[in-house]
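The values are calculated or read from the model by the stated rules, or taken from the named source; none is laboratory data. Here the structure is a predicted model, which means the values were calculated and not measured. Every residue, glycine among them, receives a Cβ derived from its backbone with ideal geometry; neighbour counts consider all protein chains shown. Protein only, heavy atoms only, side chains kept; ligands, DNA and RNA dropped before computing areas. Shrake-Rupley method; radii C 1.70, N 1.55, O 1.52, S 1.80 Å.
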Number of protein chains: 2
Amino acid sequence: MHPLQWIAAWVLLLHGCAIGRLPQAAFARTDVRNCSMDPPYLPPTATNTTARLAALRDIMRAYGVQAYIVPSTDAHMSEYIAERDSRLGWLTGFTGSAGTGVVTQDKAALWTDSRYWTQAERQMDCNWELQRTPWVESIGLWILEAVPVGGSVSLDPFLFSIDTWNSYSQALHGSGRTLLPIEPNLVDLVWGDKRPPPASGEIYSLPPAFTGSTWQEKVDGIRKQMEQHIRRPTALLLSGLEETAWLFNLRGDDIPYNPVFYSYTLLTNTSISLFVDEKRLSAEARQSLQAKCPGSLCVELQEYGQARAHLRRYAQGNVIVWLGTEYTTYGLYGVIPQEKLLEDRYSPVMLAKAVKNTKEQKLMRAAHVRDAVAVIQYLLWLEKMVPQGKVDEFLGAQHIDALRQAQEHNHGPSFQSISASGLNAALAHYSPSNGSSRMLSVDEMYLSDTGGQYLDGTTDITRTVHWGVPTPLQKEAYTRVLMGNIDLSRLVFPPNTAGRTVESFARRALWDVGLNYGHGTGHGIGNFLSVHEWPVGFQSNNVPLAAGMFTSIEPGYYRDGEFGIRIEDVALVVEAQTKHQSGEKPFLTFEVVSLVPYDRNLIDLSLLSQDQIQYLNAYYDTIRARVGPELQRQQLEEEYRWLQRNTEPFPLGSAAAATATLGTLALASLLSVLLTGLQA
Amino acid sequence: MHPLQWIAAWVLLLHGCAIGRLPQAAFARTDVRNCSMDPPYLPPTATNTTARLAALRDIMRAYGVQAYIVPSTDAHMSEYIAERDSRLGWLTGFTGSAGTGVVTQDKAALWTDSRYWTQAERQMDCNWELQRTPWVESIGLWILEAVPVGGSVSLDPFLFSIDTWNSYSQALHGSGRTLLPIEPNLVDLVWGDKRPPPASGEIYSLPPAFTGSTWQEKVDGIRKQMEQHIRRPTALLLSGLEETAWLFNLRGDDIPYNPVFYSYTLLTNTSISLFVDEKRLSAEARQSLQAKCPGSLCVELQEYGQARAHLRRYAQGNVIVWLGTEYTTYGLYGVIPQEKLLEDRYSPVMLAKAVKNTKEQKLMRAAHVRDAVAVIQYLLWLEKMVPQGKVDEFLGAQHIDALRQAQEHNHGPSFQSISASGLNAALAHYSPSNGSSRMLSVDEMYLSDTGGQYLDGTTDITRTVHWGVPTPLQKEAYTRVLMGNIDLSRLVFPPNTAGRTVESFARRALWDVGLNYGHGTGHGIGNFLSVHEWPVGFQSNNVPLAAGMFTSIEPGYYRDGEFGIRIEDVALVVEAQTKHQSGEKPFLTFEVVSLVPYDRNLIDLSLLSQDQIQYLNAYYDTIRARVGPELQRQQLEEEYRWLQRNTEPFPLGSAAAATATLGTLALASLLSVLLTGLQA
């Protein structure tokens, strides 16, 4: 999945030097809306927020609050959120995934990054000014202008991580304005009974065939870490929804695309409290959790809403509570006395989850084989249908979703399918909608970035194709993006290498000719969990790469108003076989588990080195060996032939071509002639 | 110069994610000293510190201080310090460049990193325990054990940067111990009249031929930055000795290897105060500084010791003082009210100095041509003398120093010459001393890392050679280190790229076969200033690379107890010519300005790609074109012939060899035969 969709949420949480790459923004532009006209001009897509804002302002007055901050996330710092948590969307009309709103008695403003500017202008009415930056610093400056000294700036402490709270606190520090946490959530009070109800779907156990370890084994492992930690924490608090889902091998459908459910966990050295809507648990789930009751492996089920009260009571004892600051809200954090806290950026569960064991790796590989079948079916279907002018972007997205759905163990897409033709692919963030969708054509490039949720694994793959005659620039850029993908995938590197120090290998082939891309190079991914699973990847705030981690590798190239290219695979970090060895631990490399060939029509073989061609041929061998039998098993004979055609080994003899491009040796042309003769 | 010599001093100053690479330390080892014997066993090199410590403890009692911290730096955060500032060395006996001592009434301990453990054991008596870590956190823990609650921990605030002060402050925070700045320096009180006198040498103006701009132009440029800054600073405080030396085009000899002099500068929008020992200024220097008096370009000369008092008075007005936190001591910082401070990591002078203008680039290139002559003379001399068994490491170091000294505009070495034979080169930090120096031999590799100060530029170059038959591993490792040097040197990258994100290109050829090196990849360098000029380089805390910056590029490989390899060149960041262009600013690449060929005896050509060979041949063309004429001008005919021999182009036809190593195509052997025939 395209990393620009996750980078912005995270740069907000970064501190110090850990600034990710963002597209260059802040150029002059005209708002789609014209709010200085009388009446203002608004696109038909704008939401009328006058009544909502008036009601919120009434409540703010009642609470004595001069400014109220509304974020886009939920109480678990989720990247994707449920409709019920889309407070910012309901209040502003803006439905983008990243943004912050601030309301005062006479002003209202929304901050978001460049991906969402046009969308925000189209969705918001003139009650809202658009601030074209995502930084807390800029929100802080705006608040200082809008709120007089002595005023209160308020927010819901359960919707802000510890780090984000600290950023606001710092922005207002010494300014004479107070940062005031208030419960309940003021937007919820206005939203009232129009607010969607809480999730009610079943929470179910993953069958043992699809889990890497029993939940008891996982709990034992985490408790061992607690015992061995120098500070001897007595409990671990889990707020991230993936954390609890992973720990107990449970899944739910509370949030689109992510099979998680609302919950908190407090794991102590002697007890386990799971805060969840108990009646939603399936019989098997309840049985699994309570099989060993009473005892230290008995899960006590508590009401979801009781997490804080329980934590507060627990924290009165002689205890130390361990937590990850990136996923814990200030609301929970605040009830633990400072001297009883053990803070890390990520909880030990996040770090344990990041490293997949042998069985989890096997499951992920298997999911990727079936996923490849669906994508191959899709590519073949496009090859036949596009020349007939029968496919637009939206239909394409629907079709790949349906093909995946037909695969065994599928539980829907892992994110909203990106299906972008021609210039639309140059937009960093693009999903087609019914009715406003571009027709696919043999005259344009087409980019498909999609993924599936399967009981055994989560997938995420991008292929870019051209069914006609690409321009020389398209072909060169595609080839160089592919070279970057290959160069990072085949890199051998020492243990404990941080992703950020090696991601340039995915860029170098582009850099060589003055090209680049403005987003990150990859992100972790879960076993039937999030398509963006932190803290693995190539960003500044990711943890060092270790064997057993999965990450996407997804360089790209985008030409405004013309075309966009991205080639994305999921890869597993594995031990490398090296000629020599230094240090105690072996060096690492990647094993690519996405198994779909690239577009031969877009590869300029003369640009590839012998090593790159060899790598590509070996990768194609793997695809044939793993996906071929599955295509046959599913009796997809046409797809099988397509696969064979598209994984033909590339000629290594093109050494001649490579040598010729050196252009400095008279010998080269002679060789070239010789080789052509020999190959013919 | 070897980056391990500068990395340790800097990691101490780092915060958050900016942790540099350090060698893996902390293995069990036995102290050279035996302090449990009675009497203790001490090597003859140990210093008796009993009287000094007793005197210091008397003074500590008089001041009511329970622990006193003694750092290794001076009041300007200099990397190299004068004898007069070697308080730690005098008090402990330990003369390494990085360390911290802490003294209580009954204990004394020294902290230093692994480079210096053996040296510390050899130089210190049993009054001192050796703590084998450089981290402030560990010093803090030791102090908490040694000092009871209520006690005072003291230090000289003029010897600690703001950041280091904050680290100690944090380590003691909430512990009941007070961190107490005390003047005067308690070690100085003990040292008394035995302490070396202040520097008295002349402070001189650089002749206009050797400066990039007049000092007035530099001052104008900095004042423009002050005007344009959103916070409108009224003054800039300069504490780094390089900052003042660069700004006024002045030089001195107060510190070994670095042509600087003790000074502070307070540059306001209307005045300039230079705090310096006025009587040491040459007539030309004084004339240059005061040519435009009175007025805003008149330099007011003030006593060096008056800097703080003057700053305190200035800070009482309606002012804002801009400073760089890495080079300003807590002592000076403390006199400026918080709201009147504008803090950046590096001052605008540091950042301006880092980007050399066209004339400064030309000067650096010229210095490197003469420097290459000296190094080529040295390599030729070694070639003749080593087989006769007449050269040891110390003699070698003396000889290269003398050869440089004979070159025009030379002002001595830019650091203590590293001259290391065989296993000695595997030590990260090694300089030979007279009498205990290893003989050079045709049976061992030899590493020479040296540099010169010239009026037009500072140089730093490492060459590793073997005059006999290298082992296959030596040859492979050397070739791969060279490949890393080449791959980083020829990299094309976008503007604003941070060095840390590209330094892996210097490692990849080693990584490919499971090898690596444990130090940084390069550092900035000055025009007749420091050989390690911050903030340029490839470390986490370096600023992004920009055209006009010079940095060393110095991958290596070290095999404990066997041999060490490093290949270091200085390179200029220049604009690249790329086929395409994205963004407004051109991409960047490096131009290597060190001009000495590599050891052909150690290069395995079959490992190099065609692109690498082409690059190497083009570099050798440049060496011939730039150094050849200078050798002839100096009538060094034998050296000229040596240069021609050693810069013969490598055959690109070894494409055949490269293809053959692919080993997957039957065609390859046929081609090889064909090529051999054609080349013959």
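Report the convex hull volume per residue for segment A:94-220, counting only C-alpha atoms, in Å³. Could you put the intermediate results ahead of the total?
Values: hull volume 24.8 nm³, N = 127.
For segment A:94-220, the hull spanned by Cα atoms encloses 195 Å³ per residue.
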Give the angle, between 0 and 90 degrees and rounded to the nearest 10, that separates the Cα long axis of helix A:162-172 from the longest principal axis of the Cα atoms of chain A.
70
Quick one: with label points 7 Å out along Cα→Cβ, list the inter-copy distances for residue A:626 in nm, shortest first?
4.9
Among A:400, A:423, A:288 - extreme Cα towards positive end, dipole of segment A:274-431, charges at beta-carbon:
A:288
Span per principal axis, largest first, for the Cα atoms of chain A (Å)
87, 70, 46
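Checking an interface number: how much accessible area is buried between A and B, summed over both chains, with a 1.4 Å probe, in Å² rounded to 100?
So the buried area, both faces added, is about 3900 Å².
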If one computes the Cα centroid of segment A:196-241 and of segment A:497-525, what distance in Å separates the two points?
34
With everything on Cα atoms, drop me the angle between helix A:666-679 and the longest principal axis of chain A, reported from 0 to 90° to the nearest 10.
80
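Please work out the Cα convex hull volume for segment B:444-539 and give it in Å³ per residue. Let's see the in-between values first.
Working: hull volume 11.8 nm³, N = 96.
Output value, Cα hull per residue: 123 Å³.
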Between Rg and the Kirkwood Rh of the protein assembly as shown, both from Cα atoms, what is the Rg to Rh ratio?
0.97
Which angle from 0 to 90°, rounded to the nearest 10, does the C-alpha axis of helix A:472-489 make with the longest principal axis of chain A?
70
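Before anything else, pin down the relative contact order of chain B: Cα pairs under 8 Å, at least 6 apart, normalised by residue count, whole percent. Can you show the working numbers first?
Numbers: 1383 pairs, mean separation 74.7, N = 680.
Worked out over chain B, it gives 11 percent.
Return one whole number: the accessible area per residue of segment B:80-119 in Å², for a 1.4 Å probe. Walk me through the numbers before you get to the answer.
On the way: 1090 Å² over 40 residues.
Per residue, segment B:80-119 has an accessible area of 27 Å².
With the cut-off at 1.5 for a/c, could you classify segment A:481-629 from its C-alpha gyration tensor as rounded, prolate or oblate? List each step's numbers first, then the result.
Values: a/c = 1.38, a/b = 1.21, b/c = 1.14.
Rounded shape, in that the Cα axes give a/c under 1.5.
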Inter-copy distances for residue B:181, nm, shortest first, label points 7 Å along Cα→Cβ, are 3.5
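Calculate how many DSSP beta bridges within chain A are antiparallel, expressed in % of all such bridges and rounded to the nearest 5.
Details: 54 of 75 bridges.
Restricted to chain A, the bridges split so that about 70 percent are antiparallel.
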Surrounding charge for residue B:92, neighbours by C-beta under 10 angstrom, Lys/Arg +1, Asp/Glu -1, total +1
Accessible area per residue in Å² at 1.4 Å probe, computed on segment A:236-333:
36
So which residues in segment B:537-583 end up with at least 30 square angstrom less accessible surface once the other protein chains are there, compared with the chain by itself, probe 1.4 angstrom?
B:579, B:580, B:582
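Past 30 Å, Cα to Cα: identify those pairs from A:107/B:340; A:362/A:384; A:585/B:107; B:107/B:194, in the order given. Please list the in-between numbers first.
Numbers: A:107/B:340 32 Å; A:362/A:384 34 Å; A:585/B:107 39 Å; B:107/B:194 24 Å.
With Cα atoms farther than 30 Å apart: A:107/B:340; A:362/A:384; A:585/B:107.
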Computed ³J(HN,Hα) along segment A:133-150: with the Karplus parameters 6.51/-1.76/1.60, θ = phi - 60°, integer Hz and x for glycine or proline, the list is 7, x, 7, 4, 4, 6, 5, x, 4, 4, 5, 4, 6, 8, 10, x, 4, x
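Report for the protein assembly as shown the percent antiparallel among DSSP-assigned beta bridges with both residues inside it, nearest 5. The partial results should precede the final answer.
Details: 108 of 150 bridges.
Of the beta bridges lying entirely in the protein assembly as shown, close to 70 percent run antiparallel.
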Segment A:526-546 and segment A:292-337: distance between their alpha carbon centers, rounded to Å
25
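Per residue, how much accessible area does segment A:409-539 show when a 1.4 Å probe rolls over the protein heavy atoms, in square angstrom?
Details: 2860 Å² over 131 residues.
I get 22 Å² per residue for this part.
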Violations at 22 Å Cα threshold for listed pairs B:359/B:579; A:218/A:292; B:218/B:356 -> B:359/B:579
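Would you mind counting up the charge near residue A:436? Only other residues with Cβ under 12 Å from its Cβ, with Lys and Arg at +1 and Asp and Glu at -1.
On the way: positive: A:122, A:438; negative: A:392, A:393.
With Lys, Arg at +1 and Asp, Glu at -1, the neighbours total 0.
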Could you tell me how far the Cα centroid of segment A:619-640 sits from the Cα centroid of segment A:432-490, in Å?
21
Defining the label point at 7 Å along Cα→Cβ, can you sort the distances from residue B:217 to the same site in each other copy, shortest first, in nm?
7.1
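Go ahead and estimate [θ] at 222 nm for chain B from helices alone: -39,500 (n - 2.57) per DSSP H run with n ≥ 4, summed, over the residue count, rounded to 500. Each step should come with its number before you reach the end.
Numbers: 21 runs with 231 residues, N = 680.
So the calculated ellipticity at 222 nm is -10500 deg cm²/dmol.
What net charge is computed for the residues neighbouring residue B:365, neighbours being all others with C-beta under 14 Å from the C-beta of residue B:365, Lys and Arg scored +1, Asp and Glu -1? List each step's numbers first, then the result.
On the way: positive: B:356, B:359, B:362, B:370, B:626; negative: B:360, B:371, B:456, B:569, B:591, B:630.
Neighbour charge sum, excluding residue B:365 itself: -1.
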Heavy-atom accessible area of residue B:303 with all protein chains present, probe 1.4 Å, nearest 10 Å²?
130
Let me test this: with uniform point scatterers at the alpha carbons of segment B:142-288, what is the Debye-based log₁₀ I(q)/I(0) at q = 0.11, 0.15, 0.16 1/Å?
-0.63, -0.94, -1.00
Over segment A:323-473, with every protein chain in place, what whole percent of the accessible area is carbon and sulfur at 1.4 Å, could you tell me?
55
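Take every DSSP beta bridge with both residues inside segment B:171-309 and express the antiparallel ones as a percent of the total, to the nearest 5.
Working: 11 of 16 bridges.
Roughly 70 percent of the DSSP beta bridges within segment B:171-309 come out antiparallel.
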Where a ≥ b ≥ c are the square roots of the eigenvalues of the C-alpha gyration tensor, would you call segment B:215-355 rounded, which needs a/c under 1.5, or, failing that, prolate if a/b is larger than b/c, or oblate?
rounded
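Shape call for segment B:75-144 from the C-alpha gyration tensor, a ≥ b ≥ c root eigenvalues: rounded (a/c under 1.5), prolate (a/b greater than b/c) or oblate?
On the way: a/c = 1.41, a/b = 1.28, b/c = 1.11.
Rounded is the answer for segment B:75-144, as its axis ratio a/c remains below 1.5.
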